[in-house]
Amino acid sequence: MKLRRSRQGGFSMIEVLIAIVVLAIGLLGFALLQTTNLRYTQSANNRTLATNLAYSLLDQMRTNRLSAADYANAGFAANTLSVAACDAPAGTTVEQGIATWRCQVFNALGSSARATVTYNASGVATVTLGWGERGGNEAETEFQARTQL
């Protein structure tokens, strides 16, 4: 009995090209997933930092209740702080606390960060922090914390 040999001895070029295309599409999808994950992780990190910074200033106000109204001067506009503002602050304890807090906000959220601090006669303090995601290229994100002192 005579055995016949098959003509096909391996993969054809078309099969190899299709496999490469399918693999490339899968890898591109994975790369997009990683990029999106990185962006959302950075956004969550900025929100956590903003939360901690807002509550830090509220805790300073709570610690120094007699001068809590002076902390309303802690607010600042976007793109007004610089690294030079992080030099050793001089002045009263409140002024030093505000200067240190502003420096922390600048270092954590970048130069596009802004803050609004209010304190009313009934003892309600509000800290609002805003910043631009991805270096200020996107719409501003905002976090607000309010407490009764």
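Over the Cα atoms of region 19-149, what is the Rg over Rh ratio if Rh follows Kirkwood?
Working: Rg = 19.2 Å, Rh = 16.4 Å.
Reported Rg/Rh, Kirkwood definition of Rh: 1.17.
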* Asked: Can you work out ³J(HN,Hα) from phi for every residue in region 91-105, in order, using Karplus 6.51 cos²θ - 1.76 cosθ + 1.60 and θ = phi - 60°, giving whole Hz and x for Gly and Pro?
  -> x, 6, 4, 5, 5, 5, x, 5, 4, 5, 5, 4, 4, 5, 5
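Within 9 Å, Cβ to Cβ, of L149, how many net charges do the neighbouring residues add up to if Lys/Arg are +1 and Asp/Glu are -1?
Working: positive: R62, R65; negative: none.
Once all neighbours under 9 Å are counted, the net charge is +2.
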* Would you mind computing, in nm to one decimal, how far apart the modelled labels at S82 and V21 are, each placed 7 Å from Cα along Cα→Cβ? => 5.6
* Asked: Can you tell which of L129, L53, L27 shows the greatest fluctuation in a Gaussian network model of the chain with Cα springs below 10 Å?
  -> L27
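Values in this text are rule-based calculations from the coordinates and carry no lab data. For clarity, every value in this text was computed on a predicted model and none was experimentally measured. Virtual Cβ from ideal backbone geometry, glycine too; neighbours counted across all protein chains shown.
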